[in-house]
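Input: a single structure, listed below in structure tokens.
The values are calculated or read from the model by the stated rules, or taken from the named source; none is laboratory data. All values derive from a computational prediction rather than experimental measurement. Note that each Cβ is placed from the backbone with ideal geometry, even for glycine, and that neighbours are counted across all protein chains shown.
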Amino acid sequence: MSNLTEGFAAAFRLLFGFDADLWEIIILSLEVNFAAVVLSCLIGLPLGGALAVYRFRGRKAVIVLVNALMGLPPVVVGLLVYLVLSRSGPLGSLNILFTPGAMVIAQAILVTPIVTALTRQIIENLWQDYREQLTSLGSSRRRAIPTLLWDGRTAVLTAILAGFGRAAAEVGAVIIVGGNIAHHTRTMTTAIALETGRGNLALALGLGIVLVTLAILLNAAAWMVRERSMPETALIAANR
Amino acid sequence: MEAPSILPLALENISLRHDGQQILDRINMLVARRRTTVVLGPNGAGKSMLLKVAHGLIEPDSGAVRWSGLPGAAAHARQAMVFQKPVLLNRSVLANIVHAVRLQGVARAKAVHRAHTALDYVGLGDMAVRPARSLSGGEQQRLSFARAWARDPEVLFLDEPTASLDPAASWSIEQIIVELRREGRTAILSTHDLAMARRLADDLVFLHRGRALEAGSAEQLFADPKTPELAAFLKGELHW
Amino acid sequence: MVRAIGAFLLAAAITASAPSLAETIRVASTTSTEASGLFDHLLPRFTAATGIRVRVIAVGTGQAIRLARRGDADVLLVHHRPSEEAFVREGYGLRRHPLMHNDFVIVGPASDPAGIRGSNDAIAAFRKIRGAKAMFLSRGDDSGTHRRERSLWRETGTAPSERSGWYREIGAGMGRTLNTAAAMPAYTLVDHGTWLSFGNRGPLRLLVEGDRRLRNPYGVIAVDPKRHPHVRAKAALRFVAWLVSAAGQRAIGSFRIGGRMLFHPAARPAGSRVAAE
């Protein structure tokens with residue numbers, strides 16, 4: 001119980017004391033998470049769209065695979081990326097192990113299946129409704145993908161946020177490929193793991209509260225962007 | 001309208017089965033230039049399917065759709081279709097039309113100009129910035145007509161365009177159909193509404209359980225039905 | 001698409017490698033040194049003296065050695081002498097330098113069901129724990145502490161098996177092991193530094209310390225550039241040389257928590273030997 005109250009007190013001190021180390025960690029975490037999500041979207045949005053509108057042999061198997069990969073254990077991904085990026089691994093010469101770049105790659109591998117699978121589901125539902133109309137307008141399947149992605153942007157944004165949540169919450173992969181190096185690859189989650197290891201449970205909990213607060217702020221911001229870009233939801237409500 | 005005509009349209013021996021049911025059964029049909037052809041029949045006769053096959057949205061099991069001279073793809077660009085339930089993109093009224101025009105390879109500025117003209121054409125000129133889905137049912141269907149018209153089609157497929165509308169909205173849609181004919185466009189209209197068929201049809205095809213029982217000039221068929229089915233339908237006694 | 005991703009990765013790689021214009025070395029080390037705060041104390045002093053930046057990857061001794069073997073670190077700083085000597089013998093490292101030592105202690109519940117409090121004989125204490133079948137929590141993670149604990153058990157005559165019920169392997173770092181031991185509660189072996197800086201002791205108390213067999217020596221080894229040509233051998237050797245120099249040893253000795261010295265300088269006073277390598 002006292003740990004809980006101390007946790008909230010610690011979170012308060014951390015955030016409003018503008019602790020330089022903490023802000024460094026927050027900024028690095030956001031950068032890594034953001035880069036990983038952008039990379040995942042570059043792959044996952046078109047791939048999910050393609051899986052939704054194209055029909056080919058083995059499509060179902062690919063969908064099942066992508067859905068299954070949503071549950072990839074971060075530790076396994078971390079280990080695989082470590083082995084690949086290690087100096088003795090195939091991409092060792094890139095020399096990006098234990099850097100933020102390695103963490104971005106590991107998280108992108110975790111997030112891409114989420115973005116892909118959720119996008120596929122969203123776009124496939126839309127495609128059922130839009131297929132005849134878009135075909136009538138002369139839109140090819142390929143040309144339809146960006147149209148559908150934009151039309152499903154509310155749901156797609158939710159899929160992206162789900163991916164961001166996965167990236168922000170995971171510790172297993174980044175701690176292996178990043179090394180939790182102070183001032184270099186220490187993120188919110190690896191710092192929480194470290195402080196838990198030090199027995200500083202209140203501080204660890206405080207960091208956790210900061211992390212949750214950031215997640216709430218980010219989602220609130222996304223929500224406001226959505227409201228602003230799509231006033232029709234409000235208008236429809238007014239019409240009814 | 002200066003481009004070479006894609007008409008007449010000939011449907012040759014079109015058959016289509018779906019879920020074990022014969023939807024269309026050896027249909028032959030000829031559509032002439034600058035006339036409004038009404039495909040008349042009770043619900044479930046296969047009217048929508050016939051229009052979609054002619055428009056190239058559905059591949060028939062057997063038979064051929066022949067456009068005069070031009071191969072299918074080139075002919076498709078000169079057609080447009082309005083569906084019973086309008087499928088509008090989740091964006092502004094104007095953007096819906098711009099999207100459709102841009103699919104024809106028209107530059108953005110020109111597409112915007114054309115979209116404004118199209119909105120004036122259907123009387124939605126002051127609704128350009130409204131989200132499409134905040135419009136009433138009748139306005140949405142008028143937007144569908146504006147979108148079809150903006151593509152400057154020679155042939156329009158109109159699939160029960162007033163079936164889900166109230167009388168006032170239906171009336172405004174009928175005015176648009178009359179105007180389309182005055183411009184020299186060819187419409188193929190499916191309906192089960194006898195009164196509407198009488199008002200709009202130049203030619204008539206009577207469809208019953210997937211078979212074209214009668215075809216010819218509307219005047220003649222209304223005056224002198226050859227089959228008991230059409231006779232019953234004209235008396236309001238045939239419901240399926 | 002593909003080009004965009006390629007550009008992105010390239011950009012990521014460039015940003016990642018940009019700070020290394022100022023020379024940076026990687027040290028594979030143990031959780032005990034990191035968690036106690038020793039590196040936070042030492043590294044700013046070293047960087048100020050040399051301009052070389054140090055990044056510490058703190059894992060268990062076993063994993064740290066594997067990292068260094070694969071060439072993913074420039075310096076190895078761990079605490080399990082036999083493994084360190086094997087590392088050098090097998091050609092992965094240059095010379096092993098004794099750096100410092102602290103000591104292990106046995107901690108356990110304040111109620112002390114095995115009655116070991118106050119003893120300074122670790123082997124006798126372990127025998128009593130086994131005799132009482134009192135709960136004992138083992139790191140079980142192939143760390144230096146784990147290896148030491150196993151060798152202490154072997155000295156009692158028989159090593160306990162996980163199936164015995166009272167002996168549990170957790171497979172975790174020191175911190176999580178202490179957190180778990182505090183919750184069970186159970187006895188466990190911990191290095192003194194981590195224990196002093198650990199904030200969640202709960203019912204755990206320090207029960208046994210001072211046995212010569214509980215001494216915990218740390219060694220430092222630069223990875224051999226003949227084995228891994230990409231390592232920053234020069235900077236690594238400067239780091240090793242500084243650590244064992246009078247200045248480095250003073251810095252180690254001046255690291256205190258609550259007024260207590262956590263790591264005792266142990267290098268022989270001849271830093272020149274390192275520089276000669």
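Some points to look at:
- Here residue C:101 meets the list (1) modelled with pLDDT of 95 or more; (2) more than 12 Å from chain A (Cβ to nearest Cβ) almost entirely, failing just condition (1).
- Residue that is nearest to the chain's Cα centre (by Cα), among those in the range A:186-204 that are more than 8 Å from every other protein chain (Cβ to nearest Cβ) and assigned to a loop (DSSP other than H, G, I, E, B): A:187
- Residue C:232 being surrounded by fewer than 16 Cβ atoms within 10 Å (Cβ to Cβ) and in contact (Cβ under 8 Å) with a residue 24 or more places away in the chain: no
- Filter result for residue A:88 (under 30 Å from residue C:232 (Cβ atoms) and not aliphatic (A, V, I, L, M)): yes
- Any hit, the range C:171-193, residues being charged (D, E, K, R), within 13 Å of chain A (Cβ to nearest Cβ) and free of Cβ contacts under 8 Å to residues at least 12 places away in the same chain: yes
- Hey, residue A:162 among the small types (Gly, Ala, Ser), surrounded by 23 or more Cβ atoms within 10 Å (Cβ to Cβ), in a helix (DSSP H, G or I) and away from chain C (no Cβ under 14 Å) or not: no
- Residue count, the range B:154-196 (criterion: within 21 Å of residue B:87 (Cα to Cα) and outside any helix (DSSP H, G or I)): 17
- Listed by position, the helices (runs of 4 or more DSSP H) inside the range A:50-139 whose residues that are at negative phi, within 14 Å of chain C (Cβ to nearest Cβ) and surrounded by 19 or more Cβ atoms within 10 Å (Cβ to Cβ) number at least 1 are A:74-85, A:100-136.
Here's the yes/no breakdown for (1) surrounded by fewer than 21 Cβ atoms within 10 Å (Cβ to Cβ); (2) under 21 Å from residue B:181 (Cα atoms); (3) within 16 Å of the chain's Cα centre (by Cα); (4) not assigned by TED's automatic domain parsing to the domain that holds residue B:200:
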{"residue": "B:26", "(1), (2), (3), (4)": "yes, no, no, no"}
{"residue": "B:32", "(1), (2), (3), (4)": "yes, yes, yes, no"}
{"residue": "B:38", "(1), (2), (3), (4)": "no, yes, yes, no"}
{"residue": "B:44", "(1), (2), (3), (4)": "yes, no, no, no"}
{"residue": "B:62", "(1), (2), (3), (4)": "yes, no, no, no"}
{"residue": "B:68", "(1), (2), (3), (4)": "yes, yes, no, no"}
{"residue": "B:73", "(1), (2), (3), (4)": "yes, no, no, no"}
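- Yes/no for residue B:159 being of a type outside the set (Ser, Thr, Tyr), within 14 Å of another protein chain (Cβ to nearest Cβ) and touching a helix residue (DSSP H, G or I) at 6+ places or on another chain (Cβ under 9 Å): yes
- When the criteria are applied in full, residue B:122 fails the requirement of being in contact with a Leu (Cβ under 8 Å, 6 or more places away or on another chain), outside the structural domain of residue B:188 (by TED's automatic domain parsing) and farther than 30 Å from residue B:198 by Cα.
- Number of the exception - residue B:59 against (1) free of Cβ contacts under 8 Å to residues at least 24 places away in the same chain; (2) outside any loop (DSSP other than H, G, I, E, B): (2)
- Identity of the residue in the range B:128-162, out of contact with any His (no Cβ under 9 Å at 6 or more places or on another chain) and among the aromatic types (Phe, Trp, Tyr), that ends up farthest from residue B:47 (Cα to Cα): B:149
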